[in-house]
Amino acid sequence: MARYRVRDKNVVSEIIDEEAIIMDLNTGSYFSSDGPGALIWDGIVCGFEAAQIKERVHQAFCAEPAELDKDFENFVASLVADRLVDVSHKIISSGLDWSMPLPADRRGYDPPILKKYDDLQNLAMLDPIHDVEEAGWPNRKATETGWPNRKTNF
């Protein structure tokens, strides 16, 4: 059974009011998805198998299994295309539980959609965290001359 995993530590996320907010610190792009998309993202972050994630979405939303399978695959394909997740065939025992609780009643179903935003990309890339050594801030990256990269305008 295929599993998906968050690509690397530079893909960070938070679920706020049943909406997944995802940021790729490598590119400065951010993404959002609510409803079934947030629940799918939560399952991926927590390390569950695709079948477990689909079952959770089916428990929360009134969706036909065939429709859910197709929508799940399309949604995960968009996560892979945007390099947010990778396919993993390793069996990983998840020590995590779902962070997003099920609603009290099953809800109407709309296919999950991953929305991508690049409008703050330049601002996100100005963050000094992108210009540091592996040891972290305040250790700036050295240039070819060995001196820290200082950007000044005279």
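The values are calculated or read from the model by the stated rules, or taken from the named source; none is laboratory data. In this text the structure is predicted, and so the values were computed from the model without any measurement. We place every Cβ from the backbone using ideal geometry, glycine too, and count neighbours over all the protein chains shown.
Values as computed for the structure displayed
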quantity	calculated
Condition broken by residue 83, with the remaining ones in (1) at pLDDT 70 or above; (2) loosely packed, with under 14 Cβ neighbours inside 10 Å; (3) assigned to a loop (DSSP other than H, G, I, E, B); (4) of a type outside the set (Asp, Glu) satisfied	(2)
From the options 25, 68, residue that is modelled with pLDDT under 90 and in contact with a His (Cβ under 9 Å, 6 or more places away or on another chain)	25
Enumeration of residues in the stretch 27-64 that are touching a helix residue (DSSP H, G or I) at 6+ places or on another chain (Cβ under 7 Å), assigned to a helix (DSSP H, G or I) and of a type in the set (S, T, N, Q)	52
Residues located in the stretch 102-120, provided they are closer than 12 Å to residue 30 by Cα and either among the basic types (Lys, Arg) or at pLDDT below 60 (or both)	115, 116
Given (1) closer than 22 Å to residue 117 by Cα; (2) surrounded by fewer than 21 Cβ atoms within 10 Å (Cβ to Cβ), index of the condition residue 89 fails	(1)
Condition check for residue 36: at pLDDT 90 or above and under 25 Å from residue 119 (Cα atoms)	yes
First in the stretch 33-55 and without any contact (Cβ under 8 Å) to a residue 60 or more places away in the chain and under 18 Å from residue 86 (Cα atoms), second anywhere and charged (D, E, K, R) and in a helix (DSSP H, G or I), Cβ under 8 Å, 6 or more apart	43/56; 48/56; 54/69
Looking only at the stretch 1-28, and only at residues there that are more than 11 Å from the chain's Cα centre (by Cα) and among the polar types (S, T, N, Q), the one that is surrounded by the fewest Cβ atoms within 10 Å (Cβ to Cβ)	26
